[in-house]
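Everything below concerns the one structure shown next.
Rule-based calculations on the coordinates, nothing more; no lab input. The structure displayed is predicted, hence computed values, not measured ones. Note: ideal-geometry Cβ built from the backbone for every residue, glycine included; neighbour counts use all protein chains shown.
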Amino acid sequence: MAHDHVLAPDPSTFEPLPPDRAERWSRFGSWDRTFFPSFVGLRLDEVRLGYARMTLPYRPELDQPAGVVHGGAIATLIDTVVVPAVGAAHDEVPVMLTLSMTVDYLGAIRGEDATAEGWVVRRGRSISYCQALVRSASGAVAATGSLVYKVTATG
């Protein structure tokens, strides 16, 4: 595929989280009730300061009638993968709201897991600019995303 050259940054270039933050973010998706990311089935695989990797395990309910994973499921993965990347920079989990998101679909995912990498490109006092890259389990680039998040401290 022509877009397979699209790369995410090397995760090792992002600082590991301090132990308390690493422990807090390791529970992402294990909430007391079902929220949309866990309903869809998203799983956080790695989080660093400004970087996260997440998997959307395949299941047939995610398909659209043409037999490919629905674009909305991919967009959900893109919108969610940057949350730990943004939030892990804070001592307490902040309130994070998507201000804008642009998704470019570059290929379809058929019958396999999708993995996204999300990273912060620029962090301001209350605005974070992020990028995301989605690949199929076989490594083909499926989508990219650009996001702007508003971040406010809790309490």
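Miscellaneous remarks
- Within a Gaussian network of the chain (alpha carbon springs, distance under 10 Å), most fluctuating of Leu44, Leu77, Leu97: Leu97
- Paramagnetic label zone (point 7 Å from Cα along Cα-to-C-beta, Ala137; backbone N under 16 Å) in region 54-82: 54-63, 68-70
- Karplus-derived 3J(HN,Hα) values for region 114-119, using 6.51 cos²θ - 1.76 cosθ + 1.60 with θ = phi - 60°, are 10, 10, 10, 10, x, 8 Hz; glycine and proline are entered as x.
- In Hz, Karplus ³J(HN,Hα) per residue of region 94-106 (6.51, -1.76, 1.60; θ = phi - 60°; x = Gly, Pro): x, 7, 10, 10, 6, 8, 8, 8, 10, 10, 10, 8, 10
- C-alpha long axis of helix 71-87 to longest principal axis of the chain, angle in °: 20 degrees
- Based on the convex hull around the alpha carbon atoms, region 11-152 presents an average projected area of 8.3 nm².
- In order along region 65-70, phi translates into HN-Hα couplings of x, 7, x, 10, 4, 4 Hz, rounded to whole numbers, per the Karplus curve 6.51 cos²θ - 1.76 cosθ + 1.60 with θ = phi - 60° and x for Gly and Pro.
- Put a plus charge on the Cβ of each Lys and Arg, a minus charge on the Cβ of each Asp and Glu, and nothing anywhere else: the dipole of region 11-152 about its Cα centre is then about 260 debye.
- Separation of region 9-76 from region 102-143 is 11 Å, based on Cα centroids.
- Residue (of Leu97, Gly67, Thr55) at the positive-pole extreme of the chain, dipole from beta-carbon charges: Leu97
- Between the amide H of Leu49 and those of Glu15, Leu17, distances stay under 5 Å, these residues lying 5 or more places away or on another chain, with hydrogens modeled in the peptide plane.
- Proximity of backbone amide H atoms, modeled 1.01 Å from N, is registered between Asp113 and Tyr58, Ala137 at under 5 Å, excluding neighbours fewer than 5 places apart on the same chain.
- The distance between label points at Glu61 and Glu112 comes to 2.4 nm (points 7 Å beyond Cα on the Cα→Cβ vector).
- Label sites at Thr34 and Glu15, each approximated as a point 7 angstrom past Cα along Cα to Cβ, lie 3.9 nm apart.
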